[in-house]
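Below: one structure, written as structure tokens.
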């Protein structure tokens with residue numbers, strides 16, 4: 001009997017999946033092309049980590065031949081008028097219809113396609129390291145990477161008694177594409193930063209920058225978590 005125990009343990013070890021980084025399936029949607037999962041991750045995971053999550057989801061959802069997994073970073077909300085911003089995408093197609101884009105194998109030997117829609121962790125680290133010299137005497141409020149516009153917004157506050165706020169938007173080369181000193185107003189207890197003549201504004205609360213359009217001032221357009 002003792003000789004069977006190591007063999008049994010080997011079988012059990014081979015049946016277990018590798019641990020994955022934390023994630024939560026926020027939404028599942030049926031489409032004409034198949035099923036789409038929106039998955040919340042908690043940082044800019046690398047390709048290997050995201051494929052491991054895809055492997056686990058695919059195994060648990062094996063009944064779906066065509067399965068697309070959209071990875072979302074913190075800050076996204078389905079209530080946003082601008083919709084969610086997808087950080088990366090993994091897609092499984094019918095095994096009988098593997099395409100030229102299916103170049104990645106998951107942990108269970110299934111073919112899939114994979115791509116980063118936003119900045120990788122390495123690219124984001126570079127963007128977050130940029131410190132404009134013009135703001136050297138200002139206090140940093142936060143840096144907010146927008147994977148949709150491919151820019152980073154850096155928010156500063158003046159340390160003087162006036163406490164003016166400054167928002168710089170930088171491209172991937174660190175060049176300033178816009179510089180704004182927003183008008184600060186408080187409406188219904190909410191501090192708003194007016195960033196355009198027509199009334200577009202943003203708020204910063206709990207490390208999340210939320211943007212609003214003057215066309216729909218009560219509904220958020222996009223929300224981005226600082227430092228992501």
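Read the figures in this text as sums done on the coordinates, not as results from a lab. Because the structure is predicted, anything quoted here is derived from the model rather than measured. Positions of Cβ are generated from backbone atoms using ideal geometry, with glycine treated the same way; all protein chains shown enter the neighbour counts.
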Taking the range 13-118 and dividing mean pair separation by its residue count, relative contact order in percent (alpha carbons under 8 Å, at least six apart): 22
Acute angle (nearest 10 degrees) that the helix 47-60 long axis makes with the longest principal axis of the chain, alpha-carbon atoms: 60
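Considering only DSSP beta bridges with both partners in the chain, what is the antiparallel share in %, to the nearest 5?
Antiparallel: roughly 90 percent of the beta bridges in the chain.
So, by mean Cβ neighbours within 10 angstrom, what's the order for 183-191, 128-136 with the highest one leading? If you can, show how the numbers build up before the last one.
Working: 183-191: 9.8, 128-136: 12.3.
Most protected by this proxy first, the peptides run 128-136, 183-191.
Tell me, what is the FRET efficiency for residue 206 and residue 33 to the nearest 0.05, using R0 = 35 angstrom and their Cβ-Cβ distance as r?
The computed FRET efficiency comes out at 0.45.
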Alpha-carbon centroid distance for the pair the range 140-189 / the range 23-72, whole angstrom: 33
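Convex hull over the alpha-carbon atoms of the range 122-228: what's its volume per residue in Å³? Let's see the in-between values first.
On the way: hull volume 11.5 nm³, N = 107.
Once divided by residue count, the hull of the range 122-228 is 107 Å³.
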Label-point separation, residue 63 to residue 159 (7 Å along Cα→Cβ), nm: 6.1
Angle in degrees between helix 4-15 and the longest Cα principal axis of the chain, rounded to the nearest 10: 40
Kirkwood Rh in Å, taken over the chain so that all alpha-carbon pairs contribute: 20.2
Stokes-Einstein translational diffusion, the range 13-118 - Kirkwood Rh over all Cα pairs, 1.002 mPa s, 20 °C, in µm²/s: 151
